[in-house]
């Protein structure tokens, strides 16, 4: 999806469900993957992803394509949710699918979340190297976790990371350098 | 491990690419059927109507303070003046009437003079030689004499009065030139004791 196409879709998605569906299909894997790589917790990743898209849907009419792209805007929402997850001993799970139904969202299409989760859990265990290093990353302050994940796992450019985190590019470079150094010290 | 080596390790790390198609589909359905898009239509209208409503509200407020409120104050001042026993005594004694009301310098002033119909009547009482509608520009040559009253709308009474001579219009009266006499509420209640001279 190129930038102009995305701009047009975002404009349409403010009113048309079809356009929103296209954006959702495009970004769901990215956001879910990002959240999972930050939390290494499938259930939390589900809830945070749900909350991210619910918030995006609710705030989409306010979104203006100015300094931040739609992609960065979504990552920003997800990042805030992840930070909230880490701050709170028990994430409020307001966006779990059951909670969404209680909030008036339509009933879910039939799927078996338990078996899906078990299967995904088994897959996740196979990424041993990642899990090993992620265990050290989560011990770092959130600001370092953010830049490491976005730069190395999400392959975001410095400019994009700056957009997502609302910081200057120079600050991101400096944060990234320090984050790697901290991780190296923890190794 | 060196800094650069760790960077290389992070770059080449195989990260989990896991999807939950069931969750994805379920959330998709939930979002698209949530009714938020119907609410967006309401929000659209709200966005359009909000500035219009604000503009109308401002116009109404301005109209109230610039047109309606002054008219109400003028009407109230007339009523207060008419019901004031002291003014009633003045009117009866000199056959005067309210010839004009004007808001000036933060106060409300009522002009007491003879009715226009009597301006050409030779039996005009002393002190009320020629009377005309003070706010009417149609009879610029005519002059009037009478009394000017200051009405206190808060206390609902005539608070001061002064004599006027040979003035062409209420708006032309220089209030600083008027020797206003204060009326105490007690005086108002006993007009027969007030010194009309």
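The values are calculated or read from the model by the stated rules, or taken from the named source; none is laboratory data. What you are looking at is a predicted structure, and each value in this text was computed from that prediction instead of being measured. So basically every Cβ, Gly included, is an ideal-geometry build from the backbone, and we count neighbours across all protein chains shown.
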**Study point:** Test: residue in segment B:44-63 that is away from chain A (no Cβ under 14 Å) and in contact with a strand residue (DSSP E or B) (Cβ under 8 Å, 6 or more places away or on another chain)
**Key:** no
Revision key, fill the gap. Within segment A:112-126, restricting to residues that are facing another protein chain (nearest Cβ under 8 Å) and either in contact (Cβ under 8 Å) with a residue 12 or more places away in the chain or in contact with a helix residue (DSSP H, G or I) (Cβ under 9 Å, 6 or more places away or on another chain) (or both), the one that is farthest from residue B:23 (Cα to Cα) is A:124
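Inside segment B:1-24, can you point out the residues that are facing chain A (nearest Cβ under 7 Å) and surrounded by 15 or more Cβ atoms within 10 Å (Cβ to Cβ)? Break it down stepwise before answering.
In the first step, residues of segment B:1-24 are kept if they are facing chain A (nearest Cβ under 7 Å); the result is B:1, B:3, B:6-7, B:10-11, B:13-20, B:22-24.
Scanning segment B:1-24 gives B:6, B:7, B:10, B:13, B:15, B:16, B:18, B:19, B:20, B:22, B:23, B:24.
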Revision key, fill the gap. Among residues of segment A:137-164 being farther than 13 Å from residue A:180 by Cβ and outside any helix (DSSP H, G or I), the residue farthest from the other protein chains (Cβ to nearest Cβ) is A:141
Practice item. Specify which of the listed residues (A:142, A:120, A:72, A:56) is closer than 30 Å to residue A:3 by Cβ, at pLDDT below 95 and outside the structural domain of residue A:3 (by TED's automatic domain parsing). Key: A:142
Point to revise | Matching residues in segment A:1-25 - criterion: being exposed (fewer than 15 other Cβ atoms within 10 Å of the Cβ) and more than 10 Å from chain B (Cβ to nearest Cβ) | key: A:1, A:2, A:3, A:4, A:5, A:7, A:8, A:11
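Here are some residues: B:39, B:25. Which one is at pLDDT below 85 and assigned to a helix (DSSP H, G or I)? Walk me through it before giving the result.
Numbers: B:25 fails: at pLDDT below 85.
After applying the criteria, what remains is B:39.
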Point to revise | Check on residue A:184, at pLDDT 95 or above, assigned to a helix (DSSP H, G or I) and within 12 Å of chain B (Cβ to nearest Cβ) | key: no
